[in-house]
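This report refers to the structure that appears directly beneath it.
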Amino acid sequence: MLLRKPVFEYYLRRSCIGMLWVLGVYAGLFLLGVILTAVTVVEDGGSTSTINISFGGAEGIFFIAFMIACMSDFTSEFHFMSQHGVSRRSAFVNFVLHIVATSAIISVVLYLSTTLFGLIGALPSVQIATQRTFLSAYGAWLDGAGAVVGVLTNLLFDWAMFIVAGVLGYVVTILFYRMGKVGKTIFWGVIIVSGPFLTFLNHLTDGRVAQLGLWFWNIFIGHGDVANPWNGIGVFLVLALIGLVPCWLLIRRCALKK
């Protein structure tokens with residue numbers, strides 16, 4: 001049986017606890033910003049009658065946090081699962097299912113929490129601007145969609161995006177397990193120099209690298225006068241599948257390291 005409830009619950013519990021910590025820190029920073037802004041207004045003698053707050057970046061924070069959460073210690077988990085009779089296929093399937101389930105939980109909690117933060121803007125003399133990736137990319141599409149369709153599509157978009165984050169963390173974990181010290185050094189070297197190198201290459205090619213990135217971005221958001229979020233959702237899911245295939249190929253035959 002591929003679905004092992006204890007294994008699935010172990011992965012799910014571990015990731016959800018980590019995400020709750022991240023949500024608590026994010027909420028704390030938001031409330032701290034509200035308090036500091038209110039104190040500033042009071043110290044100004046009320047000359048600024050309205051508290052203006054703009055917050056965003058939650059998707060990026062949770063994307064990185066979930067990616068890191070999925071970068072587990074594969075060696076110890078591999079030994080643990082093997083000693084308790086959990087096959088490699090079962091461990092892989094349950095880890096993937098945990099990514100799918102946790103991504104759904106994160107997307108719902110994140111949407112509800114940012115909406116709740118935005119409701120503070122209904123208080124007198126308070127203006128809060130929420131900045132969401134989905135709203136920034138597909139604002140024009142949302143104008144023509146119904147409220148229910150817009151919310152559900154937003155949740156699906158975030159869900160697919162967080163699946164990519166989890167898969168990306170899993171890919172890095174498996175690659176590091178299979179790599180030696182030289183391979184790991186080369187990997188981090190490529191990560192560190194890629195930004196400056198691409199900037200320099202873009203300068204040498206008269207902006208062609210940036211044009212290529214814009215071409216990929218157009219594929220992601222969809223061509224036409226109005227960007228379509230279903231393009232983004234589809235691209236996210238395809239990227240996740242592309243990442244999972246080599247993961248399984250590497251896991252199914254990897255040696256059990258000490």
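Residues in the stretch 48-66: is at least one modelled with pLDDT of 75 or more, under 22 Å from C254 (Cα atoms) and either aliphatic (A, V, I, L, M) or in contact with a strand residue (DSSP E or B) (Cβ under 7 Å, 6 or more places away or on another chain) (or both)? For the stretch 48-66, residues modelled with pLDDT of 75 or more, under 22 Å from C254 (Cα atoms) and either aliphatic (A, V, I, L, M) or in contact with a strand residue (DSSP E or B) (Cβ under 7 Å, 6 or more places away or on another chain) (or both): absent. State yes or no: is W217 farther than 30 Å from S76 by Cα, free of Cβ contacts under 8 Å to residues at least 40 places away in the same chain and either surrounded by 13 or more Cβ atoms within 10 Å (Cβ to Cβ) or of a type outside the set (A, V, I, L, M) (or both)? Taking the combined requirement at face value, the residue satisfies it. Could you please let me know if N202 is under 22 Å from A104 (Cβ atoms) and not small (G, A, S)? No; evaluated as a whole, the condition is false for this residue. The set of residues in the stretch 188-208 that are at pLDDT 80 or above, closer than 30 Å to T173 by Cα and loosely packed, with under 10 Cβ neighbours inside 10 Å contains only P196.
Exactly one residue among S113, S136 is in a helix (DSSP H, G or I), modelled with pLDDT of 80 or more and under 30 Å from L36 (Cα atoms), and that residue is S113. Pairing each residue of the stretch 96-107 that is within 16 Å of W248 (Cα to Cα) with any residue that is of a type in the set (F, W, Y), provided the two are 6+ apart or on different chains, yields C-beta distances under 7 Å for L97/F8; H98/F8; H98/Y11.
For the stretch 4-36, a residue qualifies if it is part of a helix (DSSP H, G or I), under 23 Å from N94 (Cα atoms) and touching a residue at least 24 places away in the same chain (Cβ under 8 Å), and the qualifying residues are V7, F8, Y11, L12, R14, S15, C16, G18, M19.
What do you reckon, is V41 surrounded by 10 or more Cβ atoms within 10 Å (Cβ to Cβ) and modelled with pLDDT of 65 or more? No: the conditions fail for V41.
The values are calculated or read from the model by the stated rules, or taken from the named source; none is laboratory data. Model, not experiment: these values are computed from the prediction. Note: ideal-geometry Cβ built from the backbone for every residue, glycine included; neighbour counts use all protein chains shown.
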